[in-house]
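Following: one structure in structure tokens, then a few remarks.
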Amino acid sequence: MKKILLLTLAFAIIACKEEPKDYVTLSGKITDKSSDSIVVRSRTYSKTIQVNSDGTFKDTLKVEAGVYNLYDGNESTSIFLKNGFDINLTLDTKQFDESIAYSGVGAEHSNFLAKQSLLREKLLDLEVLGKLNMKGLEAKLSEAKASLSEFYLANKNIDTMIINRLTRELDPMLNSYKNYLAESITLKDELPAGTPSPVFEGYENYNGSKTSLSDLKGKYVYIDVWATWCGPCKVEIPSLKALEKKYHGKNIQFVSLSIDDDRSHGGSWDKARADWKAMIADKELSGIQLFAPNGWQSQFVLDYKINGIPRFILIDPNGNVVTPDAPRPSDASLTELFTSLNI
């Protein structure tokens, strides 16, 4: 009888043992939330989780183990999910990357991803890298590879799926940085600050006159090379208009140079010109609005080696290059540059 009781007790203990969860529990709190929901997604999975008015949320997800993107309606981060995890997330959207933290079962993997993201951001600061020559850029990228590889290998308790993925993506990522910056660095080598700027002469002005770069001497000239069909160009319009308003009456001229051409307007130069004028009127664009006579093949465009738009150029009051690849209007570093030049 005693043996039977012991066996019964043993079976009862086994029966009461909790089965492994076949889902992830994800909860958290977002300070200054950007949206009423967050989205957890990958190439093959997507789930929207509602965020309460106080920033809290909680839901369960059935997933394949892996790295997912978590999007809050404004910014995103990487999170590692695996069925059985119970993760709590906290973040402040005003300091998104710096404040994000995870706790609970499986949290160490996502905390690792958050730390590596901050490290990568520190090592691969585009503003810093963009000021280097090609030799300096290659050296910095080599240092970044060594530092990131060391960080990956030092974290022995992190799922190998994450480490293998980051290691596999390291070289392609660094090459993308190199390719992105190479054109700008080469351009600055070929058109260094202080050298006479390429010029344009007699370009059509929206007001009906003709304008040459020499007409603008005596003030700094900030040139926006754009086209009516260019989405990223149009995104910059509100920031450019705000900039023009802020610096109205200062020693700077704002020039927008359209490279709309026949090829992008059904084979018609007349349509290209009409669409250019229509957008200026519709968007109430200010500044000096010019039309490049030969689009991409206009000599000024060729001299500045413009292969993609928008491109921004800054020229000094004497007609010399300040930078052939200036920051965009939406970039805070542009006003810092203007301040350093006493504009």
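The values are calculated or read from the model by the stated rules, or taken from the named source; none is laboratory data. Everything numeric in this text was worked out from a predicted model, so none of it was measured. Quick reminder, even Gly has a Cβ in these numbers, built from the backbone with ideal geometry, and neighbours come from all protein chains shown. The accessibility values were calculated without ligands, DNA or RNA, using every heavy atom of the protein model including side chains. Shrake-Rupley method; radii C 1.70, N 1.55, O 1.52, S 1.80 Å.
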*Name every residue in segment 191-229 that is closer than 20 Å to Asn307 by Cβ and modelled with pLDDT under 95, in order of residue number.*
Leu191, Pro192
*Which of the residues belonging to segment 307-342 are within 18 Å of Leu257 (Cα to Cα) and open to solvent by less than 10 Å² (accessible area, probe 1.4 Å)?*
Phe312, Ile313, Leu314, Ile315, Val321, Pro324, Ala326
*Please list, ordered by first then second residue, the pairs with beta carbon atoms under 9 Å, 6 or more apart or interchain, first in segment 299-328 and touching a residue at least 24 places away in the same chain (Cβ under 8 Å) and on the phi > 0 side of the Ramachandran plot, second among the aromatic types (Phe, Trp, Tyr) and surrounded by fewer than 16 Cβ atoms within 10 Å (Cβ to Cβ).*
none
*Can you pull out the residues in segment 139-162 that are part of a loop (DSSP other than H, G, I, E, B) and open to solvent by 70 Å² or more (accessible area, probe 1.4 Å)?*
Lys156, Asn157
*For Ile79, state whether it is within 31 Å of the chain's Cα centre (by Cα) and either modelled with pLDDT of 95 or more or open to solvent by 50 Å² or more (accessible area, probe 1.4 Å) (or both).*
yes
*Residue in segment 82-110 that is surrounded by the most Cβ atoms within 10 Å (Cβ to Cβ), counting only those that are among the aliphatic types (A, V, I, L, M) and in a strand (DSSP E or B)*: Leu91
*asked:* Between Val51, Val39, Val67, which is in contact with a Phe, Trp or Tyr (Cβ under 8 Å, 6 or more places away or on another chain), surrounded by 13 or more Cβ atoms within 10 Å (Cβ to Cβ), at pLDDT 95 or above and closer than 16 Å to His109 by Cβ?
replied: Val67
*All positions within segment 183-220 that are touching a helix residue (DSSP H, G or I) at 6+ places or on another chain (Cβ under 7 Å) and aliphatic (A, V, I, L, M)*: Ile185, Val199
*Starting from segment 163-191, take each residue that is closer than 21 Å to Ala114 by Cα and open to solvent by 60 Å² or more (accessible area, probe 1.4 Å) and list its partners that are assigned to a helix (DSSP H, G or I) and modelled with pLDDT of 95 or more, counting only C-beta distances under 8 angstrom and pairs at least six apart or across chains.*
Thr167/Ser149; Thr167/Tyr152; Asp171/Lys145
